[in-house]
């Protein structure tokens, strides 16, 4: 077995000793099982030629080929080791993590060359630098085994091969074990076709978490590819404000087809935010807020907070409502936990709540936040019912992005 780092740049000579150029790349066929190396990519002066691997006589100090090797062209399903695999990120389906290919192992079996696996360890990097021998004393000093970190081909899932075409393996439970934000970060570096294939292979819960961590452009492109049923399944599990962002670019018919498949509560929240999205701050409203009744005790409110805070990324204030669901007060989480459990909320809440409305300008929102030193402000209707909150981070980010 040898490595691609040991091959690239080697001189190519014919059986009669004529110089044919230097090896620039290997071409392989991404078929079932171990990928077969099919061609050499050779550069001589400024010209690039491809020769069939069958014309290779031997590989030692030089790559020796037949006297008149056959010139060939790239087939539709073939890929390059250097261009399509080396230095790319892959999914280690056994270790359930994303790793980087530092080198590629080539095996020769009865004059058939194939990719045996990839080196994801430090030795792969040092091998390219010609410094691999320097690692031996280091490993010996620390008593660490001096072996390459080699992943066999069957243990990896390449995702960026062949212009967005992905052939998944039957180990998708391992994909579900990868952290959603890490998988989303990786998927944003590949094509939407790849993303769609991977998302389709995940569980509903994991798919929703991954989509929630994707850039909005990927979210929107994905949902437009899904059937209404599949889209509804995903949107049911993502945050309401994220669902609104995704649906805001859909046409009317697409929205209606998906909305009618959602639960009544989810549909109500999304429809309300979609209606508000045309207002000044509508797209900045975060609907998941902590609320409590004015006659609740501190202990009761704390229990509500514990149940509600799961899945809520914003939790600084608890908003107090009366029996008509009108906003009448606010209390910080810090103040809530500093009082005795039996204390009624109406005794400790701040009744003078600084509020904003869907039509309030972004500039006015920032002015109010700075004046009253509030990180977030509640958004209410004309009947003083709370819709959600707008945070300082979101409104300033929105303004800066448009400068």
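Only one of (1) surrounded by fewer than 17 Cβ atoms within 10 Å (Cβ to Cβ); (2) at pLDDT below 80; (3) within 18 Å of residue 245 (Cα to Cα) is not met by residue 218, so which one is it?
Of the numbered conditions (1) surrounded by fewer than 17 Cβ atoms within 10 Å (Cβ to Cβ); (2) at pLDDT below 80; (3) within 18 Å of residue 245 (Cα to Cα), the odd one out for residue 218 is (1).
Scan the stretch 210-230 for residues that are part of a helix (DSSP H, G or I) and under 22 Å from residue 285 (Cβ atoms) and report the count.
Matching residues across the stretch 210-230 total 8.
Residue 243 fails exactly one of the following numbered conditions: (1) in contact with a helix residue (DSSP H, G or I) (Cβ under 9 Å, 6 or more places away or on another chain); (2) surrounded by fewer than 20 Cβ atoms within 10 Å (Cβ to Cβ). What is the number of that condition?
(2)
Matching residues to (1) modelled with pLDDT under 80; (2) touching a strand residue (DSSP E or B) at 6+ places or on another chain (Cβ under 7 Å); (3) exposed (fewer than 15 other Cβ atoms within 10 Å of the Cβ); (4) assigned to a loop (DSSP other than H, G, I, E, B):
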site: 69; (1), (2), (3), (4): no, yes, no, yes
site: 79; (1), (2), (3), (4): no, yes, no, no
site: 104; (1), (2), (3), (4): no, yes, no, no
site: 113; (1), (2), (3), (4): no, yes, no, no
site: 117; (1), (2), (3), (4): no, yes, no, no
site: 126; (1), (2), (3), (4): yes, no, no, no
site: 130; (1), (2), (3), (4): yes, no, yes, yes
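Being at negative phi and assigned to a strand (DSSP E or B) is the requirement here; does residue 305 meet it?
no
Do we have residue 198 as over 30 Å from residue 52 (Cβ atoms), modelled with pLDDT of 75 or more and in a loop (DSSP other than H, G, I, E, B) here?
It is false that residue 198 is over 30 Å from residue 52 (Cβ atoms), modelled with pLDDT of 75 or more and in a loop (DSSP other than H, G, I, E, B).
Of these, 12, 48, which one is farther than 17 Å from residue 59 by Cα and not in a helix (DSSP H, G or I)?
48
Taking residue 238 as meeting all but one of (1) over 17 Å from the mean Cα position of the chain (by Cα); (2) modelled with pLDDT of 80 or more; (3) not in a helix (DSSP H, G or I), write down the number of the exception.
(1)
The values are calculated or read from the model by the stated rules, or taken from the named source; none is laboratory data. Note that the structure is predicted; figures quoted are calculated from it, not measured. Every residue, glycine as well, gets a Cβ built from its backbone with ideal geometry; the counts of neighbours run over all protein chains shown.
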